[in-house]
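The values are calculated or read from the model by the stated rules, or taken from the named source; none is laboratory data. These numbers were taken from a predicted model, which means no experiment stands behind them. Cβ atoms come from the backbone with ideal geometry, glycine included; neighbour counts cover every protein chain shown. Remember, those area values only see protein heavy atoms, side chains included, never the ligands or the DNA or RNA. Shrake-Rupley method; radii C 1.70, N 1.55, O 1.52, S 1.80 Å.
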Amino acid sequence: MNQKKEYLDKCVEQAAEAYQFLKTTTVRDRAKFMHAVADRIEGIGAELIETANRETSLPFPRLEGEKARTIWQWRSYGNAISNGLYSEARIDLANPEKGKNDIRKYNLGIGPVVVFGASNFPFAFSTAGGDTASAIAAGCPVIVKGHSGHEQTSTLMAKAISEVVQEFGWPEGVFNHVLGSEVEGTKEKIGAYLVAQSGIKAVGFTGSYWGGKALFDIANQREEPIPVFAEMGSINPVFAFGHILEEKAEALAKEYASSLTLGVGQFCTNPGLFIAVKGEALERFKVSLQEAIAEINSANMLNQGIYSHYEKNKDLLSNQSDVAVLSESKSIAESGQGRPRVALTSAANFLTNEVLAEEVFGPFGLLIEADSIAEVEKIAQNLKGQLTITFAGTEKDAEENKTIFNIIKDKAGRLLFNGMPTGVEVVYAMQHGGPFPSSTDPRFTSVGPDSIKRFLRPLAFQNWPDQFLPAELKNGNPLAISRLVDGTSTKDSINPNQ
Ligand code: NAP
C-alpha cells in the first residue's frame, strides 16, 4: 500500500499547528492526557491481543504482558513529567548590584516527531509505544509510521490515541498515523519523505541497522539537520569467567539457552555472543548447552521477511571458515519458524572475520572459545557498540578481570553482573541505547522515563516579566515543582523584589 503525498504533507502541517498548541499545555495537562491514553488502551478488549497474535504470531501471554507494559509506560511517563523532573527549571535571580540578570531556563518539546513502529514489539515499541509516549510527554506532536508487520494492531492503537485527542479537544495533529511503504507515484519511502520535511524536528526509530542509518543520514543531510534516536542492532556479548564456569557451567548453559531463544530470539537484547576461555568447565558448559538447545522447539517468527533474514544470516555465519554448528533444535522447523542454533568458533577466527560479529536476528548464538584471557581482552577491545554486555562471573572473577570490566564500560549502555540481558525494565535507571552502531546517540535511552529527554530542548528567558513566563518558571511556582533557585533545590515560590 502506498500513501498520497498530500496526506503526508497534511500530517506534517497539522503536527506544526499542534506543536503550537502543546507549547501552551503544562506538564500536568499532558500527564492527564497520558493517563487517559493508558486507560483507553487498557479498555480495548480481546480484539487487540487477538489481532496482534494473528499479525505477529506472538503468543497471548507475551502480548498480555506487553500490553501491561505499554500502559505502564504512558502512566509512569505521565507521572514523571508531572512532578517537573524533566522540566529542569533553573532560576538565577537578578542582582543589580553585581550587574547580574534574571535568567530562567526550562525544557520544552523540540517539535513534531516522526516515530517508526518496531516489528518485534507491536505494542511497547510501536504505534502507542515508548517513543510516542515519551514524545507526547515532552510536548511534541507525533506522526507514527506504522510497521507493515502489524497494520491492524497499529490502527487499533492509533484509534485509541486519536479518540483521547478528540475527547480532550486537542488539535488532531497531536497524533497522526501513517501506513504504507512508498509515496504514491514515486519510489520514495514514506519514512524517508517524512524525515526530510522541514516541519519535522526529531525522529524515534527501532529496527534494523540499515533502516536506522538510512534515516539518520537523511536527517543529517537536511538543510536543518535534526536528531535521530535510532536503536539498531546489537549482539549483546556475554563474557563468562573461570570461577563462575567452574561453579555452575551447567546452570549457566541452561540460562543462556533460555535467554537466547526467548521470544524466538527476536529481542534487541538477545545475547548472540558467548565468550569464554577453553578448559574442562567450558567443555561441561558446551555439553549442557548442546542438550538445552536441542530440546527447545522451533517457533513462528514475526513475519516472512524476518524469517528469511534469519535463515540467510544464520547460514551465512555458520558457513564461514572455521565455524562449526555446536547444536541445533531437534524440532524440525516449518517454513516461517525459527529453529534455534548455536555455532562454535575460535577467538582467533572471530578476531579476523568481521562477518562473525554481525547480528543474526533470531534464536542464533555464537560461542567463542579463547585460548587465553588475553584473547578475551582483545575481543572486548574490538567490540563495536552494544546495548548490553554481560559479565558472568563471581566477585573473584571481577577482581581478577578489572581490565576487561574497564574496557566494556566503553562498549555498552548497560553492563550486567550475571543474569541475562533479555528483559528491559521500564524504570528511571534503565539505559536502553549504547555506543554506535547499537544506537545513533549513546547519551539517551529509549526505555524508561528518561527517554523523554530525547525530545526536549532547553529555553532560557532573560529578564522577562512574570506574566510572560511558562508556569514552570513563574515566581509563584503554580505547578509546585522542584526547581533550582540560585543553585538550591526548592519547591518554594520566589519573590525577586525582596
Ligand atoms: P526495518 O527494516 O529497519 O524497518 C523498520 C521501519 O523503518 C519500517 O517502517 C520501514 O519501512 C522503515 N525503514 C526501513 N528502512 C528505511 C529506509 N531506508 N527509508 C525509510 N524508511 C525505512 O526493521 P524491521 O522491518 O523491523 O525488520 C528487519 C530486520 O531488522 C530484522 O530482520 C532484524 O534483523 C532487524 N531488527 C532489529 C531490531 C532490533 O531491536 N535491533 C528490531 C527489529 C528488527 P518500510 O516497511 O516501508 O520499509
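Taking only protein heavy atoms and a 1.4 Å probe, what accessible area per residue, in Å², does the chain have with all protein chains in place?
Per residue, the chain has an accessible area of 42 Å².
What is the ratio of the Cα radius of gyration of region 359-498 to 2.2 N^0.38 Å, with N the residue count, to two decimals?
Here the Cα radius of gyration is 1.57 times the empirical estimate.
Given a 1.4 Å probe and heavy atoms of the protein chains only, how would you sort Leu416, Leu351, Leu316, largest accessible area at the top?
Highest to lowest solvent-accessible surface, that is Leu316, Leu351, Leu416.
Roughly speaking, to the nearest percent, how much of the chain's 1.4 Å accessible area is carbon and sulfur? Please list the in-between numbers first.
Numbers: 10670 of 20860 Å².
Of all accessible area on the chain, carbon and sulfur atoms account for 51 percent.
Restricting attention to region 291-388, which GluC sites (Glu not before Pro) occupy a DSSP loop and are surrounded by at most 13 other Cβ atoms within 10 Å?
Counting only loop positions with at most 13 other Cβ atoms within 10 Å, the GluC sites (Glu not before Pro) in region 291-388 are Glu334.
Give the percent of DSSP beta bridges with both residues in the chain that are antiparallel, rounded to the nearest 5.
35 percent
Would you mind pulling out the separation of the Cα centroids of region 136-155 and region 357-432, in Å?
Cα centroid to Cα centroid, the span is 32 Å.
To the nearest 10 square angstrom, what accessible area does His243 show with a 1.4 Å probe?
Only protein atoms counted, so the area is about 60 Å².
May I ask which residue of Ala471, Gly336, Pro435 lies farthest towards the positive end of the charge dipole of the chain, with charges of +1 (Lys, Arg) and -1 (Asp, Glu) on Cβ and the Cα centre as origin?
Result: Ala471.
If Trp210, Trp72 are ordered by their accessible area, calculated over protein heavy atoms with a 1.4 Å probe, which sequence runs from highest to lowest?
Output order, biggest surface exposure first: Trp210, Trp72.
Using only DSSP helix segments of four residues or longer, with each worth -39500 (n - 2.57), what per-residue ellipticity at 222 nm results for the chain after dividing by its residue count and rounding to 500?
The per-residue figure over the chain is -12500 deg cm²/dmol.
What distance in nm separates the simple spin-label points at Lys402 and Arg457, each placed 7 Å from Cα in the Cβ direction?
For Lys402 paired with Arg457, the spin-label model returns 4.5 nm.
How do Arg28, Arg483, Arg339 rank by accessible surface area computed with a 1.4 Å probe, from largest to smallest?
Ranked list, largest accessible area first: Arg28, Arg339, Arg483.
Using DSSP to define loop residues, name the trypsin sites (Lys or Arg not before Pro) in region 292-333 whose beta-carbon has at most 14 other beta-carbon atoms within 10 Å.
Lys330
If ligands, DNA and RNA are left out, what is the accessible area of Trp170 with a 1.4 Å probe, given in Å² to the nearest 10?
For Trp170, solvent-accessible area is about 30 Å².
Work out how much length Glu172 to Lys159 would gain on full extension: take 0.36 nm times their residue separation and subtract the Cα-Cα distance, in nm to one decimal.
3.5 nm
In terms of modelled amide H atoms, which long-range or inter-chain residues lie less than 5 Å from the amide H of Phe175?
Val142
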